[in-house]
Every structure is written in C-alpha cells, then in structure tokens.
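So the structure is just underneath, and the comments pick up after that.
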Amino acid sequence: MEATSNAIRRARLLEVLSELKRDGASSPADRAMLLGIGSDDLARLLKGAPVSDALAEEIEFLMCRPRGWMDTAMEPALA
C-alpha cells in the first residue's frame with residue numbers, strides 16, 4: 001500500500017476512534033472491540049502498521065460510511 005494511502009487510512013482510523021470515544025467507548029479495548037479487532041491489533045495500527053483493505057471495508061461498514069471513505073482525504077475544517 002502506498003504511504004499516502006496508509007496515512008489517509010490512519011487519519012480516518014483516528015477520526016473513527018475519536019467518534020467512538022465521544023459515543024461512550026471509554027477505553028482503547030472497548031473501541032477495538034467495537035471495530036472487531038483486538039487491542040494489540042489496534043495498538044499496532046496506531047504505531048504504523050498498515051490498515052488492510054479488508055479492515056478498511058469493515059470499518060466503513062460498521063461505522064455506516066460509504067465504500068471508499070477510509071481512502072478519501074479528510075476535508076480541512078472551516079475556520
């Protein structure tokens with residue numbers, strides 16, 4: 001996977017994790033469980049392991065995002 005694509009997926013993963021935390025999943029283990037992955041897997045992803053195509057699609061499905069959302073760069077926030 002291209003470095004830029006992996007960076008976009010990691011940014012989207014962080015966005016999802018923040019959303020889950022706001023929604024009450026207080027611990028990293030809780031957030032990992034909601035995404036269908038283990039805590040150790042989440043830790044590896046946050047340290048730089050690539051987000052696989054299968055995991056990206058699963059996150060999109062679980063979070064009710066359109067297909068390809070994990071590969072779309074985030075829009076800059078308007079000030």
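The values are calculated or read from the model by the stated rules, or taken from the named source; none is laboratory data. For clarity, every value in this text was computed on a predicted model and none was experimentally measured. No Cβ is skipped: glycine too gets one built from the backbone with ideal geometry, and neighbour counts run over all protein chains shown.
Computed values, structure above
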| item | result |
| --- | --- |
| Top-ranked residue in the stretch 47-73 [being of a type in the set (A, V, I, L, M, F, W, C) and touching a residue at least 24 places away in the same chain (Cβ under 8 Å); ranked as surrounded by the most Cβ atoms within 10 Å (Cβ to Cβ)] | 70 |
| Test: residue 42 is modelled with pLDDT of 95 or more, of a type in the set (A, V, I, L, M) and touching a Lys or Arg at 6+ places or on another chain (Cβ under 6 Å) | no |
| Residue check for residue 16: modelled with pLDDT of 95 or more, of a type in the set (A, V, I, L, M, F, W, C), crowded, with 17+ Cβ neighbours inside 10 Å and part of a loop (DSSP other than H, G, I, E, B) | no |
| Conditions (1) within 12 Å of the chain's Cα centre (by Cα); (2) surrounded by 12 or more Cβ atoms within 10 Å (Cβ to Cβ); (3) assigned to a helix (DSSP H, G or I): number failed by residue 44 | (1) |
| Residue under evaluation residue 79, criteria (1) surrounded by fewer than 14 Cβ atoms within 10 Å (Cβ to Cβ); (2) modelled with pLDDT of 95 or more, criterion not met | (2) |
| Breaking point among (1) in contact with a Lys or Arg (Cβ under 7 Å, 6 or more places away or on another chain); (2) assigned to a helix (DSSP H, G or I), for residue 25 | (2) |
| Among residues of the stretch 18-41, those that are touching a helix residue (DSSP H, G or I) at 6+ places or on another chain (Cβ under 8 Å), closer than 26 Å to residue 75 by Cβ and without any contact (Cβ under 8 Å) to a residue 24 or more places away in the chain, counted | 4 |
